[in-house]
Amino acid sequence: MNAGLGSNRLKVMSLLDQIVADITAAMKAKEADRLSTLRMVKATLMNRKIEKGSELTDEEVQKALQSLVKQRKDSIDQYEKAGRAELAAKEAAEVAVIEEYLPVAASAEEIEQAVADAVAATGATSMKDMGLVMKAALANLAGKNADGKAVSEAVKAKLNG
């Protein structure tokens, strides 16, 4: 059922509504792993909604999803260091499901360009300007799913060299 998020469906349906609809589809298709991940995502979003005291915007949903992806990527690193490949694979599968609801990830070239633009705009010359450059680079990548670690590494490479 889920052939990615078509641009027409995304406009008509909120991200949360899409996740709820996909939970139903996963139940009907008997996709246990996908269903488990989507239910976890929905529970996280419901908790955020309760904390906020009102409905979440699609932007807030995306931030929550990015946070879930980051947590899972950190877990993957830990599991791989501990030699637990099966747990790392489970986390990677969850990342793949969650990322379906996020914008396409920024390419390495896009990150490099955003960092170069940020360095030029801020006039940064050394590592002490890293925070300033990071803020500007992430602003340049707004609307794209940019990995903070990759942006940080690109900034370090640019400022060091």
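Every read-out reported here was derived from the displayed coordinates using simple, explicitly stated rules and does not represent laboratory data. Predicted model, so just to flag it, every value in this text is computed and none were measured. Ideal geometry is used to build each Cβ from the backbone, glycine not excepted, and the neighbour counts take in all protein chains shown.
Points to keep in mind about this one:
- DSSP-assigned coil residues among GluC sites (Glu not before Pro) in the range 26-62, each with at most 16 further Cβ atoms within 10 Å: E55
- Gyration tensor analysis over the Cα atoms of the chain returns equivalent ellipsoid semi-axes of 32, 20, 14 Å (largest first, whole Å).
- Legend: calculated FRET efficiency, M40 to A120, from the Cβ-Cβ distance at R0 = 30 Å, rounded to 0.05, equals 0.15.
- Square roots of 5 times each gyration tensor eigenvalue, C-alpha, the range 55-133, largest first, Å: 30, 19, 12
- Residue-averaged 222 nm ellipticity for the chain, from DSSP H runs of 4+ at -39500 (n - 2.57), nearest 500: -24000 deg cm²/dmol
- Relative contact order, percent, the chain [alpha-carbon distance under 8 Å, six or more residues apart]: 18 percent
- Counting only Cβ charges, +1 for Lys and Arg and -1 for Asp and Glu, the dipole size of the range 6-161 around its Cα centre is about 340 debye.
- Compared with the dominant principal axis of the Cα atoms in the chain, helix 32-52 is inclined by about 70°.
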